[in-house]
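Peer 1: Sending over a structure as structure tokens; questions will come in a sec.
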């Protein structure tokens with residue numbers, strides 16, 4: 001594992017966020033997705049939504065949302081080591097579905113979700129159950145074919161292209177009139 005990831009002593013979800021996910025999101029290729037820090041919203045600046053029904057109903061907000069030109073494109077969910085990544089993906093998909101509902105049907109800006117528990121990362125389309133990538137954290141290396149393909153598919157270049165495509169399909173008045181999913185004064189991403 002590259003030195004930008006600090007996989008030692010991962011105990012909590014916060015450890016996974018700070019030592020694995022943040023470096024993955026912000027490190028330059030070939031070690032990370034090279035997403036700009038000012039486009040990464042954290043729990044501090046993301047509004048919660050209610051998911052589930054009855055007794056399973058809870059307020060939820062993801063650990064990170066990547067935004068390009070004001071458009072949410074990627075939802076990232078962290079879990080502590082050993083926790084269920086399929087559940088994390090379900091939560092990320094639900095949140096992405098709520099974000100997408102704020103846009104017209106032909107837009108759906110959030111098309112990808114990522115979940116990581118420090119041991120493993122899964123990533124895929126927001127509207128499907130089967131992940132496109134399932135990578136052990138110990139294989140986070142440019143030498144790993146799957147990790148390299150993941151960086152290419154989810155990296156800043158692809159996300160920027162996706163964001164520009166969404167902007168072209170969107171009515172600017174429509175985007176501005178939607179309820180905001182972030183706090184009115186978004187804070188810069190913090191680790």
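The values are calculated or read from the model by the stated rules, or taken from the named source; none is laboratory data. None of these values were measured; they are calculated from a predicted model. Positions of Cβ are generated from backbone atoms using ideal geometry, with glycine treated the same way; all protein chains shown enter the neighbour counts.
Peer 1: If you check residue 89 against the conditions, is it modelled with pLDDT of 95 or more, over 17 Å from residue 29 (Cβ atoms) and in a helix (DSSP H, G or I)?
Peer 2: Criteria met by residue 89.
Peer 1: Of the conditions (1) under 15 Å from residue 33 (Cβ atoms); (2) modelled with pLDDT of 95 or more; (3) crowded, with 19+ Cβ neighbours inside 10 Å, residue 133 clears all except one; give me its number.
Peer 2: Residue 133 satisfies every listed condition except (3).
Peer 1: Hey, which of the helices (runs of 4 or more DSSP H) in segment 145-191, taking only ones fully inside, have at least 3 residues that are modelled with pLDDT under 95 and crowded, with 16+ Cβ neighbours inside 10 Å?
Peer 2: 156-169
Peer 1: State the number of residues belonging to segment 24-76 that are surrounded by 18 or more Cβ atoms within 10 Å (Cβ to Cβ) and assigned to a helix (DSSP H, G or I).
Peer 2: 5
Peer 1: From (1) assigned to a helix (DSSP H, G or I); (2) surrounded by 17 or more Cβ atoms within 10 Å (Cβ to Cβ); (3) modelled with pLDDT under 95, pick out the condition that doesn't hold for residue 18.
Peer 2: (2)
Peer 1: Here are the criteria: (1) modelled with pLDDT under 90; (2) buried (at least 16 other Cβ atoms within 10 Å of the Cβ); (3) closer than 24 Å to residue 146 by Cβ. Tell me which single one residue 3 does not satisfy.
Peer 2: Only one criterion in (1) modelled with pLDDT under 90; (2) buried (at least 16 other Cβ atoms within 10 Å of the Cβ); (3) closer than 24 Å to residue 146 by Cβ is unmet by residue 3, namely (2).
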